[in-house]
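*Asks:* Next up is a structure, given as structure tokens.
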Amino acid sequence: MHFDVLIDTIPSYAKDLKLNFSSVVRQQTDLNEQQAWGTVVASAIASRNQQLILAALEEGATHLGPEALEAAKAAAAIMSMTNIFYRFLHLTSNEKYGTMRAGLRMNVMRTHGIDPLDFELWSTAVSAINGCGACVDSHEKVMREKGVSEEKILAAVRIASVVHAIAVVLDAEQVGPRLLVEATT
């Protein structure tokens, strides 16, 4: 399904999301096309809504080269693992865990084949969706140290927030019709 068709299915109670998607993705100027659409793809995958993932992958493929599309998927994949691990370390009061080796492969963080700052940007967006403060802080710090502006970072987080909100609405709309069917049977 084309992204615009999917966006048109958003119900009137979530009209702000339609408008925000247009402004944070299609009309924004802080990110280049690869950064913006890589953020959309990684955020859609992190948001776990099948319709949204399919639309993001379809349209993402028209804005991203094959290597960037794979890297956006890789950012969502690796962050889904590391966000859980590092969020646990942050949340537990047992400091010993922080001294222990992670023991998790994270090779894709170095072998994704795209601009490392784009991968950091997508990792930050996914980490924001997954609620891992340690990862958000770490990736944001790396980008700022390498000269990425706060405006650019916030532009990616805006995209992540809108994409995630769209996933929430699409999920809710899938449940609504099921409840009506169950109530009438």
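Where a number appears in this text, it was derived from the coordinates with a stated rule and is not lab data. In this text the structure is predicted, and so the values were computed from the model without any measurement. All Cβ positions, even for glycine, are placed from backbone atoms using ideal geometry, and neighbour counts span all protein chains on display.
*Asks:* Based on C-alpha coordinates, I'd like the Rg and Dmax of the stretch 6-78, in Å.
*Replies:* So, for the stretch 6-78, Rg and Dmax equal 12.2, 37 Å respectively.
*Asks:* Take S149, S80 and order them by how many other Cβ atoms sit within 10 Å, fewest up front. Display every interim value, and only then the final one.
*Replies:* On the way: S149 11, S80 16.
Neighbour counts put them in this order, fewest first: S149, S80.
*Asks:* If each DSSP helix of 4+ residues adds -39,500 (n - 2.57) and the sum is divided by the residues in the chain, what number results at 222 nm, nearest 500 deg cm²/dmol?
*Replies:* Details: 10 runs with 139 residues, N = 185.
Helices in the chain give a 222 nm mean residue ellipticity of -24000 deg cm²/dmol.
*Asks:* Anyone know which of T111, T124, T39 comes out most mobile in the 10 Å Cα GNM of the chain?
*Replies:* Its mean-square fluctuation being the largest, the pick is T111.
*Asks:* Of I159, I78, I45, which is the most mobile in a GNM of the chain whose springs link Cα atoms less than 10 angstrom apart?
*Replies:* I78
*Asks:* Counting other C-beta atoms within 10 Å, which of Y97, Y13, Y86 has the fewest, and how do the rest follow? Present the calculation step by step, with values, prior to reporting the outcome.
*Replies:* Values: Y97 14, Y13 10, Y86 23.
Ordered by Cβ neighbours within 10 Å, fewest first: Y13, Y97, Y86.
*Asks:* What lysines sit close enough to K96 to cross-link, taking a C-alpha to C-alpha distance under 29 Å and skipping anything fewer than 8 places away on the same chain?
*Replies:* Within the straight-line limit of under 29 Å, K96 reaches these lysines: K141.
*Asks:* Out of Q51, Q34, Q174, any idea which swings most in a Gaussian network model of the chain, alpha carbons joined below 10 Å?
*Replies:* Q174
*Asks:* With unit charges on the beta carbons (Lys and Arg positive, Asp and Glu negative) and the dipole taken about the Cα centre of the chain, which residue among Q51, G133, I159 sits farthest to the positive side?
*Replies:* Checking the options against the dipole of the chain, the answer is G133.
*Asks:* Over the Cα atoms of the chain, Rg to Rh with Kirkwood Rh, two decimal places? Intermediate results must be reported in sequence, preceding the final value.
*Replies:* Working: Rg = 17.4 Å, Rh = 17.2 Å.
Using only Cα positions, Rg/Rh for the chain is 1.01.
*Asks:* Quick one: compute the contact order of the chain, relative version, from alpha carbon pairs under 8 angstrom and 6+ residues apart, as a percent. Don't skip to the answer; put the middle values down first.
*Replies:* Details: 218 pairs, mean separation 58.8, N = 185.
Relative CO of the chain lands at 32 percent.
*Asks:* Further question: Checking the a/c ratio against 1.5 first, then a/b against b/c, what shape does the Cα gyration tensor give for the stretch 102-170?
*Replies:* Since a/c reaches 1.5 but b/c is at least a/b, the shape of the stretch 102-170 is classed as oblate.
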